[in-house]
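The values are calculated or read from the model by the stated rules, or taken from the named source; none is laboratory data. Keep in mind that this is a model prediction, so the values were computed, not measured. Methodologically, a virtual Cβ is constructed for each residue, glycine included, from the backbone with ideal geometry; neighbour enumeration extends over all protein chains shown. SASA here: full protein model, heavy atoms, side chains in, ligands and nucleic acids out. Shrake-Rupley method; radii C 1.70, N 1.55, O 1.52, S 1.80 Å.
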Amino acid sequence: MEAARDSMAALLDAGLFDSAQTLGCFLVSSGGASNEASMSMKAESLVLHGDALYGEKEFRRALNVYKQAMQCSKSIPRQATSTARISVSTTVRSNVTPFNENEVKSKIAICHSALHEYREALQEMEGIPSKLRSLKMNLMLGKLYRISRNNRAAAICYKECLRQCPYIFEAIAALAEMGLSSKEFSLLFSQAPTRGGKPPVDFLDAQRWWNRYVEAQCCIASHDYKGGLDIYLELMQRFPNNVHILLEIAKIEAIIGKNEEAIMNFEKARLIDPNIMAYMDEYAILLKLKSDYTKLNKLVHDMLHIDPARPETCIALAAFWERKDERKALTYAEKSLRVDDRHITGYIMKGNLHLSLNRPDLAVTDFRGAQELRADLRSYQGLVRAYLALSKCKDALFTAREAMKVMHQSAKALKLVGDVHAISSTGREKARKFYESAIRLEPGFLGAALALADLHVAEGRNKEAVLLLERYLRQWADDSLHVKLAQVFAATSLLSDALSHYQSALRINPHNEAAKKGLERLEKQMKGVDPDAPEDEDENEGDDVDGDQDDAELL
């Protein structure tokens, strides 16, 4: 069966896994002598069959076949193994790789990992001697150690990856999150091997931009988002139209609340590469927040066409359905985590949906799940909201203070502490101080200004609220400021002023749902109709029918 084995190796190289796994069934079931040479050949055939099954994403079957290969290899007497392999190598063509026990262990670990069986995967990888681990093996082991929360062992593996090749960006991001300094990174870069023992001509330039990229990652890992953003913008000058950097910039802007800038950069990235999937779930969430359902519809349609099985597609569908059917949106968020149980955005989306469905107890679990992977502002915000909904004010305050300690230069963390104090009438003075501190730290932070305006209104200081919002409007033409002003004017029966600001908000953002609902309510008030009166039954029935449409109809 040497010719068949040779053909199978060619099929695998060509990515024709369906035909390869069918051919593999013939190879592994063929009879013959039970000598050492044939046993060694069968072990190698089993590995090829496992490779085909893995290519078809039949991970459980591939795992079983790889284990059979290991058992077959162990049944060959040690003394005869080398003789058998020599005889096999004289008859088999060069494109069939000889049996390598460590490689097969690595493949078994990869299958376990694909099945989310991380403990079993780690046991297999640890069975490979450190000196015999390849670059791919060290990267895999580093990921598994991080999952098991053994950061010290993970750091050793990731450092070894960078010593072998400094451009393993997954290792850079992981080490930055584990607190490795820029100086330590530079030392690893200098230890990387070079061709012929001499550094290339552009070595200094490569080291320069690599160091800046590492510095950006370290800034982001320490929640210095402004520092990381500045470095990425600098790198964009050196590498214009770099999709990866554009997406990193957009993600940071989304975290710090620069939603319009983030949307613009996500759109730039899609213009350069229309089939990009990374971070497109973040883009979908921003479009949902902006209520731009036309663009969201188009994005979801494109993502379903590119790869419907990606977790990002599931999150985009959750964002799309959230307005019409929160329970259906929740099923998509849960699906994203079944696809990838380490997808942070999936936990954030699921937590927010549980809050909307009045299940703050489940939301706490979701946001904690996100924090276990990587704590960021959104998981802290979600936890605070969930604890407040459960009336656990002490837990909410502890979480907000923890966010402030971790992100000591973040105005949003200051606002989060203020939000907890603002819940009680006795804490409003403290809340005001935190909001004002947030505004001093970041004068353009509209979230703190809006929260401070709400505080003024709650204490009956409507005039101060109006003055604050009008001062911000002179510098920032933002639809949320107009909506808030309209709400304050409507509450004080200044209906014409409220109408003007709702209309201004919709001119800036025609999709603003709060402005639409506020304007509809205001128009009823101006006509002398009770805005809280129930809608006609016919209209409600129409909404229910529309809510039963499936994805294909809506898209």
Checking a compactness column here: for the chain, what do you get for Rg(Cα) / (2.2 N^0.38 Å), N being the number of residues? 1.20
So what is the accessible area of the chain per residue, in Å², with the probe set to 1.4 Å? 51 Å²
Angle between the Cα long axis of helix 377-389 and the longest principal axis of the chain, 0 to 90 degrees, nearest 10? 60 degrees
Counting only protein heavy atoms and using a 1.4 Å probe, what share of the accessible area of the chain belongs to carbon plus sulfur, as a whole percent? 51 percent
Label point at K67 placed 7 Å out along Cα→Cβ; residues across region 98-137 whose backbone nitrogen lies under 16 Å: 104-125
Compute the distance in nm between two label points, each set 7 Å from the Cα along the Cα-to-Cβ direction, one at S30 and one at K517. 6.9 nm
Within 10 Å, count the other beta carbons around each residue, average over each peptide in 39-48, 319-328, 300-309, 106-115, and list them highest first. 39-48, 106-115, 319-328, 300-309
Lys, Arg +1 and Asp, Glu -1 on Cβ, resulting dipole of the chain about Cα centre, debye, nearest 20: 2720 debye
May I ask you to compute the full-extension gain from S148 to K324, defined as 0.36 nm times their residue separation minus their alpha-carbon distance, rounded to one decimal in nm? 59.5 nm
Relative contact order of region 420-472, defined on C-alpha pairs under 8 angstrom at six or more residues apart (%): 24 percent
So for region 338-475, what are the equivalent ellipsoid semi-axes in whole Å, largest first, each being the square root of 5 times an eigenvalue of the Cα gyration tensor? 29, 16, 14
Entries in K107/K183; K350/K392; K226/K433; K290/K335; K405/K516 that, when Cα-Cα distance is taken, lie over 27 Å: K107/K183; K405/K516
Alpha-carbon spread of region 443-502, three principal axes, descending order, Å: 30, 25, 14
Largest-first principal axis extents of the Cα set of region 106-152 (Å): 26, 24, 15
Cα centroid separation, region 1-24 to region 396-410 (Å): 57 Å
What is the log10 of I(q)/I(0) for region 426-529, computed with the Debye formula using one identical point scatterer on each Cα and no solvent, at q = 0.24 Å⁻¹? -1.27
